[in-house]
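Enquirer: Before we start, here is the structure in question, set down as structure tokens.
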Amino acid sequence: METENENKTKAKNEHNSIIEVKSLIKKFKNKLVLDKINLNIEKGKTTVVIGPSGCGKTVLLKHLIVLLRPSSGEVYFNNDRIDDLKEKELDKIRTHYGFLFQGGALFDSLSVRDNIIFPIDQHYKITDWKQIDELVKSKLAMVGLDGYQNYYPAKLSGGQRKRVALARAIALNPDIILYDEPTTGLDPIRSDIINEIILKLQRELQITSIVVTHDMKSAYKVADRIVMLHNGKIVADGDADYIRNHPHPVVQQFINGQVDEDDLALLRMKGTMSQAQFLPSDFVQ
Amino acid sequence: MFAVIGIKTFDFINDIGRFAKFFWQSTIVSLNCFLRAKAYPLIRTQMNIIGVRSVPVVMITGAFVGMTLAIQAYDQLAGMGLEERLGVLINISVVKELGPVLAAIMLAGRIGGALTAELGTMNVTEQIDAVRSMGTDPIRYLVAPRILALLLLTPILIIYTDLMGILGGYFISVIQFGINSKAYWSYSASFVELWDVAIGVVKGFFFGVAIAAISCYKGFTCKEGAQGVGQACTEAFVSSFVSILALNFALAIIFKAIYFTFWPIKSIV
Ligand SMILES: Nc1ncnc2c1ncn2[C@@H]1O[C@H](COP(=O)(O)OP(=O)(O)OP(=O)(O)O)[C@@H](O)[C@H]1O
Ligand SMILES: [Mg+2]
């Protein structure tokens, strides 16, 4: 009887959510960064998270893979609670994830090739190195960097690093990929290739993606759903059209890239600019 | 004022607690790694980085210690007509105390600093988070190989220091001061026991683990930015330094107790 009930509630909760966040609150010391976030990520869909710089997007993303622990609230992966697991138990769950860090986070001491092999080597016993090299080649080709196998991260440009990091994030064929600003620092054409990769992974492999971005063009292109974060709260949540026509002024300002009236007023204030340009009068040399 | 001291003390105790936890985890993981062939390439890489390039430094340290001891002690002993026993004094000081401690301090500076800077940089550039995000325990991948490498290498490096200390002492005593070479060695051989050498080398295991664990911990808990990394390095060196001296003191007591349990009576001269 009881199990039947449990099964029912479980089935009800399931409706294909791969990640579920319940009343997530995150404080650093006394600073409230995330304020009671509730979020349901559907399997196989691409969710885009937008929001002003410093509003807690990266912090939210890190909670989804429990690189950060909530101050309170819960995180579920495939309906199992994960935010209270030990690191050891999490390691197994994390192999289902790919995480693209905002700064790339490539290992400086490893070549591009070894960076991509790293996650594979950690979880599989590699016997056929030729096959692995083929795999590295194909992952790199995907991000347009085949031939860079023996470069070290220090020798790559910022955008190249990010693309290698993407190749590494998808090395384990994850079910879900968390992208932290995948197109920042890339030229428009490269950005669009990344968008295409996200779409391709979704269409062909049914991979769930969560994309943090400032790039509205990219957001509209890849999103099944857009979530806007502001002051630690979700202020808008819906598909691209819904967001485009959202009445909330904060949302409109953000998606149109308009500054706030208050910010403008600050700039307009007489004398501010010349004050800002003040330098000591003694110019040495 | 009292509140500040209170908070500082609280932070300090907190820090000790976290270090203890880190150390405990690292020990377990290191033991685990030691038994698994997969970790060996990582350990070998670290041993190459740590070992090979440290040899000249610790050898120079040893040579100077031996030579300085000879210069300092010669006059006093010669005044009593005991200069032939100079070797006993030099060699026992070198192998038992000065060799191990100074070699460890050199390593704390040379290796500990580099470890903290490397792991600290990895921490602030999110590389440690990246290791975690790929389902790997950063302690297993980053800390254990370094602890094991230092555990295995410090005693070996101490042996190098000892050898150079002995040679340095010999050089000054016999070649500079003209002490009879045969007498110098025979006194040394009869008073410096294998036990004394062994103590020095065994200390190396403890010092090595202390340096590695402290430096890795400081790297892992490093604060943001270049300044954070620099500060972590300084803290790592100071903590390693103090730990080496404290450990040396504790080990002296322990070894003495062990020694007297097995060989209750021993005359000094
Ligand atoms: N480890 C930390 N300790 C203390 N505060 C932190 C930490 N990480 C993030 N914060 C704070 O949390 C807030 C949100 O940071 P977060 O990195 O999530 O911003 P973001 O939305 O990703 O911004 P951006 O678009 O610039 O990357 C910031 O104000 C930051 O100061
Ligand atoms: Mg961010």
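Taken together, the values in this text are just the output of simple stated rules run on the coordinates, not laboratory data. As the structure is a computational prediction, the values presented were derived from the model and not from experiment. Cβ coordinates were reconstructed from backbone atoms using ideal geometry, including for glycine residues, and neighbour counts include every protein chain displayed.
Enquirer: Could you tell me which of rounded, prolate or oblate describes the range A:32-72, using a ≥ b ≥ c as the square roots of the eigenvalues of the alpha-carbon gyration tensor, with rounded for a/c under 1.5 and, failing that, prolate when a/b is larger than b/c and oblate otherwise?
Expert: Here the range A:32-72 falls in the oblate category.
Enquirer: Amide H to amide H under 5 Å from A:I19: which residues, 5+ apart in sequence or cross-chain, H placed 1.01 Å off N in plane?
Expert: Correct list: A:I41, A:N78.
Enquirer: Using the 10 angstrom Cβ neighbour count as an exposure proxy, how do A:T184, B:T61 rank, fewest first?
Expert: A:T184, B:T61
Enquirer: For peptide A:105-113, how many partner chain Cβ atoms fall within 10 Å of a residue's Cβ, on average?
Expert: 3
Enquirer: Related question: Compute the distance in nm between two label points, each set 7 Å from the Cα along the Cα-to-Cβ direction, one at B:K38 and one at A:K200.
Expert: Result: 3.1 nm between the two label points.
Enquirer: Helix hunt in chain A: which complete DSSP H runs extend at least 24 Å axially by C-alpha with mean Kyte-Doolittle at least -0.5?
Expert: Correct list, ordered by number: A:188-205.
Enquirer: What does the extension gain come out to for B:K223 and B:E193, with contour length at 0.36 nm per residue minus their alpha carbon separation?
Expert: Here the answer is 6.1 nm.
Enquirer: Hey, another quick one. In the protein assembly as shown, if the dipole is taken from +1 on Lys/Arg beta carbons and -1 on Asp/Glu beta carbons about the Cα centre, which of A:G73, B:G228, B:F207 is farthest to the positive end?
Expert: Positive-most Cα among the choices belongs to B:F207.
Enquirer: Counting C-alpha atoms alone, how compact is the range B:1-110: give Rg to one decimal and Dmax as a whole number, in angstrom.
Expert: Every Cα atom of the range B:1-110 included, Rg and Dmax give 22.0, 62 Å.
Enquirer: Starting from the Cα of B:K203, draw a straight line to each of the lysines and keep only those under 17 Å, dropping any in the same chain fewer than 8 residues away.
Expert: Straight-line reach from B:K203, under 17 Å: B:K96, B:K256.
Enquirer: Taking the square root of 5 times each eigenvalue of the Cα gyration tensor, what semi-axes in Å does the equivalent ellipsoid of the range B:69-144 have, largest first?
Expert: The answer is 50, 11, 4 Å, longest axis first.
Enquirer: In a shell of Cβ-Cβ distance under 15 Å around B:D162, excluding B:D162 itself, what net charge do Lys and Arg (+1) and Asp and Glu (-1) give?
Expert: That works out to -1.
Enquirer: Let me ask something additional. Determine the calculated [θ] at 222 nm for chain A from helices alone, applying -39500 (n - 2.57) to every DSSP H run no shorter than 4 residues and normalising by the residue count; nearest 500 deg cm²/dmol.
Expert: Counting only the DSSP helices, I get -12000 deg cm²/dmol.
Enquirer: Okay, moving on. Compute the Cα gyration tensor for the range B:165-269, then decide on rounded, prolate or oblate, letting a ≥ b ≥ c be the square roots of its eigenvalues: rounded whenever a/c is under 1.5, prolate when a/b is larger than b/c in the other cases, and oblate in all that remain.
Expert: It comes out oblate by the Cα gyration axes.
Enquirer: Within the set A:K130/B:K218; A:K88/A:K155; A:K92/A:K233; A:K29/A:K86; A:K57/A:K137; A:K26/B:K8, which residue pairs have Cα atoms separated by over 28 Å?
Expert: Violating the 28 Å Cα-Cα cut-off are A:K130/B:K218; A:K88/A:K155; A:K92/A:K233; A:K57/A:K137.
Enquirer: Could you pull the Rg and Dmax for the range A:109-173, using just the Cα atoms, both in Å?
Expert: Cα only, the range A:109-173: 10.9, 33 Å (Rg, Dmax).
Enquirer: Another question about this same structure. Give me the base-10 log of I(q)/I(0) for the range A:1-158 at each q in 0.11 Å⁻¹, Debye formula, one uniform scatterer per Cα, rounded to two decimals.
Expert: The Debye formula, applied to the Cα set alone, gives -0.62.
Enquirer: Calculate the length of the line joining the C-alpha centroid of the range A:174-229 to that of the range A:20-50, in whole Å.
Expert: So the separation of the two Cα centres works out to 18 Å.
Enquirer: Also: Give me the percent of DSSP beta bridges within the protein assembly as shown that run antiparallel, rounded to the nearest 5.
Expert: Counting only bridges with both partners in the protein assembly as shown, antiparallel ones make up about 55 percent.
Enquirer: Taking amide hydrogens as modeled 1.01 Å from N in the peptide plane, which residues meet the under 5 Å criterion relative to A:T46, leaving out close sequence neighbours?
Expert: Close amide H contacts, sequence-distant or interchain: A:S209, A:D224, A:R225.
Enquirer: Assuming R0 = 60 Å, what is the FRET efficiency of A:N150 and B:I7, from their Cβ-Cβ distance, to the nearest 0.05?
Expert: E between A:N150 and B:I7, to the nearest 0.05, is 0.75.
Enquirer: Let me ask something additional. Under a point spin-label approximation (7 Å from Cα along Cα-to-Cβ), what is the A:F283-A:E261 distance to one decimal in nm?
Expert: 4.2
Enquirer: Let me ask something additional. Is chain A best put as rounded, prolate or oblate by its Cα gyration tensor, with a ≥ b ≥ c the root eigenvalues, rounded for a/c under 1.5, and otherwise prolate when a/b is larger than b/c, oblate when not?
Expert: oblate
Enquirer: A further question follows. Among DSSP beta bridges whose residues both lie in chain A, state the antiparallel percentage, nearest 5.
Expert: 55
Enquirer: Still on this structure, I have one more. Given the rule -39500 (n - 2.57) for each run of at least 4 DSSP H residues, summed and divided by the residues of chain B, what is its mean residue ellipticity at 222 nm, to the nearest 500 deg cm²/dmol?
Expert: -26000 deg cm²/dmol
Enquirer: If you don't mind, there's one more thing I want to ask. Are there DSSP H segments in chain B that both extend 30 Å or more along their axis (alpha-carbon positions) and score a mean Kyte-Doolittle hydropathy of at least 1.6? List them, or say none.
Expert: Membrane-span-like by this criterion, though nothing is claimed about a membrane: none.
Enquirer: Using the eigenvalues of the Cα gyration tensor, what equivalent ellipsoid semi-axes result for chain B when each is taken as the square root of five times the eigenvalue, whole Å, largest first?
Expert: 40, 20, 18
Enquirer: Aspartates and glutamates near A:K221 by alpha-carbon distance under 15 Å, same-chain residues fewer than 8 away left out - which ones?
Expert: Within reach: A:E181, A:D192, A:E196, A:D239, A:D241.
Enquirer: Based on the Cβ-Cβ distance of B:M80 and B:L31, what FRET efficiency does E = 1/(1 + (r/R0)^6) give at R0 = 60 Å, to the nearest 0.05?
Expert: In this case the efficiency is close to 0.70.
Enquirer: Please list the non-local residues whose amide H lies under 5 Å from the amide H of A:Y151, H modeled 1.01 Å from N, same-chain partners needing a gap of 5 or more.
Expert: Close amide H contacts, sequence-distant or interchain: A:V112, A:R113.
Enquirer: Please compute the alpha carbon radius of gyration of the range A:150-255, then divide it by the globular-protein estimate 2.2 N^0.38 Å. Two decimals is fine.
Expert: Computed over Cα atoms of the range A:150-255, the ratio equals 1.17.
Enquirer: Further question: Give the range of the longest stretch in chain A that excludes all trypsin sites (Lys or Arg not before Pro) found in loop regions by DSSP and having at most 10 other beta-carbon atoms within 10 Å.
Expert: Longest run free of exposed loop sites: A:126-269.
Enquirer: Kirkwood Rh over alpha-carbon pairs of the protein assembly as shown, then Stokes-Einstein at 20 °C and 1.002 mPa s: what D in µm² s⁻¹, rounded to an integer?
Expert: Reported coefficient: 77 µm²/s.
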